[in-house]
Amino acid sequence: MTEPAPIIVSALFGGEDQAFFDRMRREHFPPERNFLSAHLTMFHHLPPRLLPELKQRLNDETRGVVAPHARLAGILNLGRGVAYRIESPALEDIRDRLADAFAPMLTAQDSAGWRPHVTIQNKVNAKMARALLARLEPDFRARSVAVAGLATWYYRDGPWEAISRHMFA
């Protein structure tokens, strides 16, 4: 039996938006490091013992609930990479409720606040990141993106292992 691993929580995008983010990630992420689909991480490291309560809370947040509005709002310079900034007050509210529920168990990274984004380039030198940013910014247009659900994953030092999906109505 595999040992329990930390849990990641992410938002799931609709098919067209997921395809766009995955394409951008394939084009710009270092191939030797690109072993995940594009993702919007809500929590990076929750203790595995929280899984039953976490799944119940995610069910409560999604079952019969209309998907939250979200928009692709800008491009971020990550220093050694580039990401698309996502704005979604409703998704932020969900994250806030989960953070409040699990506050004593959050890592420093997860308790420091949330800056929703989808990384399309990472772990490159700063010059490469600035060059990609300069190439993308002139054509960037803010637009809606579809959030289809929330998911949990085990983090095992590589590709994530799917645990559960919780889809909006």
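No lab work stands behind these numbers, since they all come straight from the coordinates. Model, not experiment: these values are computed from the prediction. Cβ coordinates were reconstructed from backbone atoms using ideal geometry, including for glycine residues, and neighbour counts include every protein chain displayed.
Jot down the per residue volume, in cubic angstrom and as a whole number, of the convex hull over the alpha-carbon atoms of the chain. Write out the running numbers ahead of the final one.
Numbers: hull volume 19.9 nm³, N = 169.
Value for the chain: 118 Å³ per residue.
Under 8 Å for C-alpha pairs, at least 6 residues apart: give me the relative contact order for the chain, rounded to a whole percent.
Reported as a whole number, the value is 36 percent.
Once you have the Cα-Cα distance between Arg49 and Val65, take 0.36 nm times their residue separation minus that, and quote the gain in nm to one decimal. Don't skip to the answer; put the middle values down first.
Details: separation 16, 0.36 × 16 = 5.76 nm, distance 2.63 nm.
The span from Arg49 to Val65 would gain 3.1 nm if fully extended.
Working from Cα positions, state the angle (0 to 90°, nearest 10) between the long axis of helix 89-101 and the longest principal axis of the chain.
Helix 89-101 and the main axis of the chain meet at about 40 degrees.
Could you give the Stokes-Einstein D for the range 64-148 in µm² per second, using the C-alpha Kirkwood radius, 10 °C, 1.306 mPa s? Walk me through the numbers on the way to the answer.
Details: Rh = 14.5 Å.
So the translational diffusion coefficient is about 109 µm²/s.
Cβ under 15 Å from Glu53's Cβ, Glu53 left aside: what net charge do those residues give with Lys, Arg +1 and Asp, Glu -1?
Values: positive: Arg49, Lys55, Arg57, Arg97; negative: Asp60, Glu61, Asp100.
Computed value for this residue: +1.
Using the Cα gyration tensor of the range 30-100, with a ≥ b ≥ c the square roots of its eigenvalues, what is the shape: rounded (a/c below 1.5), prolate (a/b larger than b/c) or oblate (neither)? Working shown, then result.
Working: a/c = 2.27, a/b = 1.41, b/c = 1.61.
Verdict is oblate for the range 30-100.
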